[in-house]
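Below is one structure; the comments refer to it alone.
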Amino acid sequence: MPNSVLENTATVANLLAAYEGESNAHAKYVGFAAKADAEGWHGAASLFRAAARAEEIHAKNHARVLKQLGAEAQCEIHAAEVKSTLENLKAALAGELYEIETMYPASIAEATESDLPIAKRSFAWAMEAEKTHAQLYAEAIELVAKSVKESWAGSACDFYVCAACGYTTRTAKEQERCPVCNLAFDKFEVIR
């Protein structure tokens with residue numbers, strides 16, 4: 001592994017961009033949760049809170065790697081535009097898809113090329129968790145678009161967030177360990 005942050009500026013730049021993106025997603029999802037609760041979409045609000053917690057975990061993981069590489073995690077939190085719950089779900093899904101399809105694959109490839117496994121792992125864990133968010137957002141969009149309040153999207157429900165990587169699920173115990181990072185399920189955080 002390189003001794004100086006200057007030797008891997010592309011990975012550091014990617015980590016800083018990911019840190020800023022995850023930090024802003026956290027802030028945005030907190031606002032989206034409040035709007036969903038106000039509109040009576042309590043399950044969607046629970047999902048936004050769970051995703052916000054996962055994004056916070058991703059940001060902390062990226063910050064830890066930045067520190068190990070000799071850089072400082074810093075970002076600017078931008079004001080989020082909060083619209084209707086349906087519009088917010090669609091915006092959240094679009095953000096997750098960008099990370100899954102574009103941002104994280106490129107960052108993983110660069111970290112692999114630069115032989116920085118700690119950065120690659122941080123990016124890969126976040127990307128895998130974002131896939132669960134995208135799936136949950138897509139399900140919620142369908143329910144909210146059809147105004148199905150008698151569903152998980154309409155009723156407050158628990159989500160389970162891996163404290164190490166941010167993997168998120170609605171299922172109380174789908175397996176003994178996190179499928180992304182192998183953390184024991186009893187270490188997951190329950191978010192409502």
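For the reader, a short list of remarks on this structure follows.
- Of the criteria (1) modelled with pLDDT of 95 or more; (2) farther than 23 Å from R192 by Cβ, which one L69 fails: (1)
- Looking only at residues of segment 161-182 that are buried (at least 17 other Cβ atoms within 10 Å of the Cβ) and more than 24 Å from Y19 (Cβ to Cβ), we find that the one that is nearest to the chain's Cα centre (by Cα) is T169.
- If you filter segment 82-123 down to residues that are touching a residue at least 60 places away in the same chain (Cβ under 8 Å), small (G, A, S) and farther than 18 Å from V30 by Cβ, you find that the one that is surrounded by the fewest Cβ atoms within 10 Å (Cβ to Cβ) is A106.
- Of all the listed residues (L15, L93), the sole one being part of a helix (DSSP H, G or I), over 20 Å from R170 (Cα atoms) and in contact with a helix residue (DSSP H, G or I) (Cβ under 8 Å, 6 or more places away or on another chain) is L15.
- Members of segment 29-86 found to be of a type in the set (D, E) and either in a loop (DSSP other than H, G, I, E, B) or more than 19 Å from I141 (Cβ to Cβ) (or both), listed by number: E39, E56, E72, E76, E81
- Taking the criterion of being more than 14 Å from the chain's Cα centre (by Cα), within 16 Å of L16 (Cα to Cα) and of a type in the set (D, E), the only residue of segment 89-135 that qualifies is E110.
- As a summary of the residue check, E113 satisfies the conditions (1) more than 26 Å from K35 (Cβ to Cβ); (2) in contact with a helix residue (DSSP H, G or I) (Cβ under 7 Å, 6 or more places away or on another chain) except for the one numbered (2).
- Screening segment 124-137 for residues that are surrounded by 21 or more Cβ atoms within 10 Å (Cβ to Cβ) and out of contact with any Asp or Glu (no Cβ under 8 Å at 6 or more places or on another chain) and picking the one that is farthest from C165 (Cα to Cα) gives L136.
- Output for segment 144-159, where each listed residue is in contact (Cβ under 8 Å) with a residue 12 or more places away in the chain and either among the basic types (K, R) or closer than 13 Å to G43 by Cα (or both): V144, K149, S151, W152, A153, G154, S155, A156, C157, D158, F159
- Test: residue in segment 138-145 that is out of contact with any helix residue (DSSP H, G or I) (no Cβ under 8 Å at 6 or more places or on another chain) and part of a loop (DSSP other than H, G, I, E, B): no
- Output for segment 22-52, where each listed residue is closer than 19 Å to Q74 by Cα and surrounded by fewer than 19 Cβ atoms within 10 Å (Cβ to Cβ): A27
The values are calculated or read from the model by the stated rules, or taken from the named source; none is laboratory data. None of these values were measured; they are calculated from a predicted model. We place every Cβ from the backbone using ideal geometry, glycine too, and count neighbours over all the protein chains shown.
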